[in-house]
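The values are calculated or read from the model by the stated rules, or taken from the named source; none is laboratory data. Everything quoted here is computed from the prediction, not taken from an experiment. Heads up, the Cβs are rebuilt from the backbone with ideal geometry, glycines too, and the neighbour counts pull from every protein chain shown. Accessible surface areas use protein heavy atoms only, side chains included; no ligands, DNA or RNA. Shrake-Rupley method; radii C 1.70, N 1.55, O 1.52, S 1.80 Å.
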Amino acid sequence: MENEKKTAAEIAREERKARMEKTSQNQEKKKEKKENQSPTKKKLKIIIPIVVVVLALAIGLCFFFGVPQRTFKTVKISNGSDISQAEYQYYYMQVYNNYMQTAYQYEQYYSAYYGEGVGVMMTGFDYTKTPANQAYTPSEEDKEAFTKKYGENPTWADFIEETSINACKEISLINKEAEKAGFKLSEDGKTEINEYIESLRKEAADNNYSLNAFLKENYGRGMNESLLRSILIKQQTYTEYLEQKQTDISDAITNDQITDAYNKNPNEYNNVSLRYFTISTTAATNTDETKYTDEELKEQTKKNNEANKVKADDFLSKATVSNFTELTAQYADKDKVSYYKDNDTYSSLKDANASTLEQYFNEDAVKWAYAKDRSVGDKTVVSITTDSGAVSYNILLITSLPARDDTKQPVSVRHILFATEKTTTDDDGNQKTEKIRTLEEAKKLAEDTLAAWVKDGAKEDAFIELANTKSDDPGSSDNGGLYEDITKTSSYVKPFLDWCFADGRKVGDYGIIETEYGYHIMYMSAISDTTSWQAEIKETLTETNFNEYYDKVTSDDVATVSVSSFFSKRVRNTVEDYAERVIKNMTASTTTKSTTNATTTAATTAAAK
């Protein structure tokens, strides 16, 4: 009853006071209990929070220094090889850098000639976008399997992932093969690895990084010198073992096998030479000024075809071996006349086999060129119709009949170059070219040097000494001017190759030639006993047998692969972030050069074997 006389405020104050007294009593009990605790219990309560803090700090440091990335397995191969997240990321980063740099360089070098977008056109990769933000189009051969794994709209990130996984698998399997065969890495290979790592160390120091910090910056946490070295050893072993395997396969091919291959398909090894000129029709299309129906466009294309057929037949009726070049200039479009005038390069096909003819033209051209009754000077028109109905007319004229090439190759040649210009490169990579003598002065030097050498007995040892002391060719001035394994298709300038494979050329021959570089004294050092057609067949058989071996030891039947989706996604995200930084730097005009240099240094050439 007494409570009824109290106000609500008074009641609230009394309740609050009671709670405070109860709390005070509880605190006293806790204090008494704490004072009665054993020293061990008191110590545990102090240590446990400290341990939690230290453990968290240790885990953080581990992640910072990349220990988990080198420990967690991202790719597991059934042969017992496990690939860590850091190693997998290395391959992933390499594949990205390879495509990014190639596309970028194409764009820088060729956009002035072919317009913007040439980098994408040549590689399929857009370096201004991250891999996950651009669609990837698999080849028809790979499309079914690729889309089954990555869906109907795959990205370049999917392609890079697939390439990286295959690199891990194939390098691992080949290393196992090398191990079983007792293969040992060459001393040159070891030296190459050491020199590469030292070059990275220098690059890192030049940019105020330690090597490990530099590697972490370019390949992500987990990469350090020790891991990089082990990866490079795997890659070098992969390369050297396969080179040895290819040599072994080539050495095992017999002359009987070469002869059998020729007899089964002689047209693949009988080469024919011809002159050709193409008159093409472009399918009619609508413009801003013209609006035709589809039927009208087809009719216009047909009329254009007929007009070009008359033109092609007229060319054919006049064509001979001697006037073909003159006719090409007469019948060429106005903007192409300068290409053809007094120049047969654009209308000659020399030493072509059946496959080459089919690629250039079609199967009809092959059947015509390899007909048994064919003669030099024979000519025809081979037409090719496109899906749009437009026809291209190819005038063909035989200049040499199908035959085996009995030229002996490869050859080894020595030369001494007296150049007219010298190119030097400074520390920043800038090249400078300076004139060092006139063409006439280079010619006189070559003639005088050759005359003195001949007078002294024309010995190869003396030629070697002259090349080492007088030649201006940086590529051969320290090995006696020697270039080995030269074939007709080697990438040397035409006068150089023409001298090497001139009719009747023999060991010990010498002479002087002029090229765009200056004057060369030439000396034939060695000629193979193998003819060109035999060498071609041996190369083809070697390639076929090697590919069969490689496919066999790296097939899915040999080893299966499982991939951690969690860690592979982490790698994707890391490289996407890295790509965004690269794109930002490359598109900033003030930092383009330094960014390109940094990413180029970071990526090695063995990216996606």
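Of everything in the stretch 479-501, what is part of a strand (DSSP E or B) and at negative phi? Give them in sequence order. Within the stretch 479-501, 482, 483, 484, 486 meet the criteria. With respect to the conditions (1) among the aromatic types (Phe, Trp, Tyr); (2) over 20 Å from the mean Cα position of the chain (by Cα); (3) open to solvent by 40 Å² or more (accessible area, probe 1.4 Å), residue 196 lacks only one, and its number is (2).
Candidates are the residues of the stretch 138-152 that are touching a residue at least 12 places away in the same chain (Cβ under 8 Å) and open to solvent by less than 30 Å² (accessible area, probe 1.4 Å); the one that is farthest from residue 123 (Cα to Cα) is 146. Just one of the numbered conditions (1) more than 13 Å from residue 522 (Cα to Cα); (2) surrounded by 10 or more Cβ atoms within 10 Å (Cβ to Cβ) is not true of residue 469: (2).
For the stretch 508-541, the set of residues classified as in a strand (DSSP E or B), open to solvent by 30 Å² or more (accessible area, probe 1.4 Å) and in contact with a Leu (Cβ under 9 Å, 6 or more places away or on another chain) consists of 510, 512, 514, listed by residue number. Of the residues contained in the stretch 559-566, one or more are found to be open to solvent by less than 50 Å² (accessible area, probe 1.4 Å) and either under 29 Å from the mean Cα position of the chain (by Cα) or among the basic types (Lys, Arg) (or both).
So that you can scan it fast, the table gives a plain yes or no per residue for (1) modelled with pLDDT under 85; (2) closer than 28 Å to residue 561 by Cα; (3) open to solvent by 50 Å² or more (accessible area, probe 1.4 Å):
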{"site": "66", "(1), (2), (3)": "yes, yes, no"}
{"site": "80", "(1), (2), (3)": "yes, yes, yes"}
{"site": "98", "(1), (2), (3)": "no, yes, yes"}
{"site": "131", "(1), (2), (3)": "no, yes, no"}
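All but one of (1) out of contact with any strand residue (DSSP E or B) (no Cβ under 6 Å at 6 or more places or on another chain); (2) surrounded by 13 or more Cβ atoms within 10 Å (Cβ to Cβ); (3) of a type in the set (A, V, I, L, M) hold for residue 310; which doesn't? The one condition residue 310 does not meet is (2).
Checking the condition open to solvent by less than 50 Å² (accessible area, probe 1.4 Å), β-branched (Val, Ile, Thr) and modelled with pLDDT of 95 or more, which residue from 413, 454 passes? That would be 413, the only listed residue that is open to solvent by less than 50 Å² (accessible area, probe 1.4 Å), β-branched (Val, Ile, Thr) and modelled with pLDDT of 95 or more.
Within the stretch 286-306, being in a helix (DSSP H, G or I) and without any contact (Cβ under 8 Å) to a residue 24 or more places away in the chain holds for 294, 295, 296, 297, 299, 300, 303, 306. When residues in the stretch 158-200 are screened for being farther than 24 Å from residue 569 by Cα, part of a helix (DSSP H, G or I) and of a type outside the set (Gly, Ala, Ser), 19 of them pass. Note on the stretch 567-609: among residues that are of a type in the set (Gly, Ala, Ser) and at pLDDT 50 or above, the one that is most open to solvent (accessible area, probe 1.4 Å) is 588. Only residues that are acidic (Asp, Glu), in a loop (DSSP other than H, G, I, E, B) and in contact with a strand residue (DSSP E or B) (Cβ under 6 Å, 6 or more places away or on another chain): list them for the stretch 393-452, please. Correct list: 405, 406.
Comparison of 540, 554, 544 shows that the only residue that is free of Cβ contacts under 8 Å to residues at least 24 places away in the same chain, out of contact with any strand residue (DSSP E or B) (no Cβ under 8 Å at 6 or more places or on another chain) and among the β-branched types (Val, Ile, Thr) is 544. Could you please let me know if residue 155 is of a type in the set (S, T, N, Q), surrounded by 15 or more Cβ atoms within 10 Å (Cβ to Cβ) and modelled with pLDDT of 90 or more? Yes; evaluated as a whole, the condition is true for this residue. Residues that are in a loop (DSSP other than H, G, I, E, B), under 30 Å from residue 560 (Cβ atoms) and open to solvent by less than 80 Å² (accessible area, probe 1.4 Å) are absent from the stretch 114-123. Is it fair to say residue 363 is without any contact (Cβ under 8 Å) to a residue 40 or more places away in the chain, farther than 16 Å from residue 275 by Cα and charged (D, E, K, R)? For residue 363, the condition - without any contact (Cβ under 8 Å) to a residue 40 or more places away in the chain, farther than 16 Å from residue 275 by Cα and charged (D, E, K, R) - is met. Taking the listed residues 283, 319, 312, the one that is in contact (Cβ under 8 Å) with a residue 24 or more places away in the chain, farther than 14 Å from residue 379 by Cβ and aliphatic (A, V, I, L, M) is 283, with no other qualifying. Hey, any hits in the stretch 206-217 for a residue that's among the polar types (S, T, N, Q), more than 24 Å from the chain's Cα centre (by Cα), crowded, with 17+ Cβ neighbours inside 10 Å and in a helix (DSSP H, G or I)? There is at least one residue in the stretch 206-217 that is among the polar types (S, T, N, Q), more than 24 Å from the chain's Cα centre (by Cα), crowded, with 17+ Cβ neighbours inside 10 Å and in a helix (DSSP H, G or I). Is it true that residue 390 is crowded, with 17+ Cβ neighbours inside 10 Å, at pLDDT 95 or above and in contact with a Ser or Thr (Cβ under 7 Å, 6 or more places away or on another chain)? Criteria not met by residue 390. If only residues of the stretch 283-292 that are of a type in the set (S, T, N, Q) and exposed (fewer than 12 other Cβ atoms within 10 Å of the Cβ) are counted, the one that is farthest from residue 399 (Cα to Cα) is 290. Exactly one residue out of 427, 503, 478 is more than 30 Å from residue 203 (Cβ to Cβ) and either surrounded by fewer than 16 Cβ atoms within 10 Å (Cβ to Cβ) or modelled with pLDDT of 95 or more (or both), and it is 503.
Screening 128, 147 for residues that are part of a loop (DSSP other than H, G, I, E, B) and farther than 17 Å from residue 93 by Cβ leaves exactly one candidate, 128.
How about the stretch 327-339: which of its residues are surrounded by 15 or more Cβ atoms within 10 Å (Cβ to Cβ) and either outside any loop (DSSP other than H, G, I, E, B) or of a type in the set (Asp, Glu) (or both)? Those that are surrounded by 15 or more Cβ atoms within 10 Å (Cβ to Cβ) and either outside any loop (DSSP other than H, G, I, E, B) or of a type in the set (Asp, Glu) (or both): 327, 328, 329, 331.
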